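Here the structure is laid out as structure tokens; the discussion comes afterwards.
The values are calculated or read from the model by the stated rules, or taken from the named source; none is laboratory data. Since the structure is predicted, the reported quantities are computational estimates derived from the model, not experimental observations. As a convention, Cβ positions derive from the backbone with ideal geometry for all residues, glycine included, and neighbour counts pool all protein chains shown.
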Amino acid sequence: MKLTRYLLTFGQGVVLGLVDQLNYELANQVEDTFLVNMEGMLGLPLDLNFTMTRYPEINNKTQEIILNIDGLFVKKNIAENVPTNTEYADRAGHTQREQIYLHQSMLDSLVYNFAKSFTKDDKGFQKQMIELVPEVYLHYGRDVDCNGELSFPYETPSAPLSVDTKKGLVVGDEENGLIAKVLLYCAANSTVEKELALDMELGIHAIANFTFDNFVYWIKFDETKAVTANVSSPVVTLDYHDWIGLVTALLTDMADTFNLTHGTPKDLKDNTIVHFAAGILADTLLSPYVVDDFLFAGFRMLPDPDGPMTAQAKQAVSAFLQ
């Protein structure tokens, strides 16, 4: 009995200590108090802002807790370039008890944080660049050594991605597209300092049709094309190119290759462990076709109110009391 009382007192002390720590953080919060590093989950050095943007809603009658967080991936000037979301999705009418609504501004902030570097060992990138601008590679000779950088600069208006329940995830609009910046740095060989050899600013448009439904997923890109192209080189005079046509052909080829692998539904429950998890996390769904402007993620757990386990428990109690 003494041990039980001790454990209860100890547990109470731990909880109170955590509450005190949270209260202290709230009272003394600064800009990065509630930033969570997501590198382990996403493989990118990103911080996600978990600062609440609205008061928590707690409903004892429906046994619901609703939390609203900032949800933007942090980058310099991100707040000035990604408009603050003031919309709150209606969570009614879905079979998933646990629901997460990811506003498209969160996806925008993720895109703005994305950057990738390419070296001579990235054969696919080098092959594509040689096909697009062979004159740049010829300018530096047979031992040419090039590196590339891909990024997505801030846009105005700032809406690189949008969620449409009729179309899916729309990448860039059809007038300006999602602006992608590609820089190519080259030298005559690997021992010489590289210089800027090509500057490409491309407007890309595509529609991603994807869903993750009860551990069955598919993703397919349609209408993939370039809608704008601004290409220049400070070191060589570029030949005439139909840049929009060339980049559209390149993107279409990449999309077709991707769709062959991922465009048809794949059931992850063929794996025994996943099949077991699917029984615990029922009605799992990730889809852009539920609420406009929001990517919907949700699931239902067995112990949830009105769930299978709860119904069975009620029946057992009723049978026992009779």
Checking the structure you have, find out if any residue of the range 164-175 is within 30 Å of Met301 (Cα to Cα) and touching a Leu at 6+ places or on another chain (Cβ under 8 Å). yes
Within the range 96-109, is there a residue that is closer than 30 Å to Leu281 by Cβ, more than 19 Å from the chain's Cα centre (by Cα) and of a type in the set (A, V, I, L, M, F, W, C)? no
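For every residue, the table says whether it meets (1) of a type outside the set (A, V, I, L, M, F, W, C); (2) modelled with pLDDT under 85; (3) part of a helix (DSSP H, G or I).
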{"residue": "Lys61", "(1), (2), (3)": "yes, yes, no"}
{"residue": "Asn68", "(1), (2), (3)": "yes, yes, no"}
{"residue": "Lys76", "(1), (2), (3)": "yes, yes, no"}
{"residue": "Leu102", "(1), (2), (3)": "no, no, no"}
{"residue": "Leu107", "(1), (2), (3)": "no, no, yes"}
{"residue": "Phe125", "(1), (2), (3)": "no, no, yes"}
Kindly check whether there is at least one residue in the range 146-157 that is in contact with an Asp or Glu (Cβ under 8 Å, 6 or more places away or on another chain), without any contact (Cβ under 8 Å) to a residue 60 or more places away in the chain and of a type in the set (A, V, I, L, M, F, W, C). no
Considering only the range 54-96, state which residues are among the basic types (Lys, Arg), farther than 24 Å from Phe299 by Cβ and loosely packed, with under 11 Cβ neighbours inside 10 Å. Lys76
Within the range 113-135, can one find any residue that is among the acidic types (Asp, Glu) and crowded, with 20+ Cβ neighbours inside 10 Å? no
So in the range 174-194, with the set limited to residues that are touching a residue at least 40 places away in the same chain (Cβ under 8 Å) and not aliphatic (A, V, I, L, M), which one is surrounded by the most Cβ atoms within 10 Å (Cβ to Cβ)? Cys186
Conditions (1) aliphatic (A, V, I, L, M); (2) over 26 Å from Gln104 (Cβ atoms); (3) buried (at least 18 other Cβ atoms within 10 Å of the Cβ) -> Val247 fails only (2)
Which one of these is out of contact with any Cys (no Cβ under 6 Å at 6 or more places or on another chain) and at positive phi: Gly148, Gly71? Gly71
Result of the Cβ filter at 8 Å on the range 109-126, keeping first residues that are assigned by TED's automatic domain parsing to the domain that holds Phe152 and partners that are basic (Lys, Arg), at least 6 apart or interchain, is Ser109/Lys75; Tyr112/Lys75; Asn113/Lys75; Gln126/Lys120
Please determine, by comparing only the residues of the range 254-298 that are out of contact with any His (no Cβ under 7 Å at 6 or more places or on another chain) and of a type in the set (Gly, Ala, Ser), which one is surrounded by the fewest Cβ atoms within 10 Å (Cβ to Cβ). Gly279
Scan the range 271-283 and tell me whether some residue there is among the charged types (D, E, K, R) and free of Cβ contacts under 8 Å to residues at least 24 places away in the same chain. no
Please enumerate the residues belonging to the range 214-270 that are within 30 Å of Val136 (Cα to Cα), in a loop (DSSP other than H, G, I, E, B) and of a type in the set (Ser, Thr, Tyr). Ser233, Thr237, Tyr240
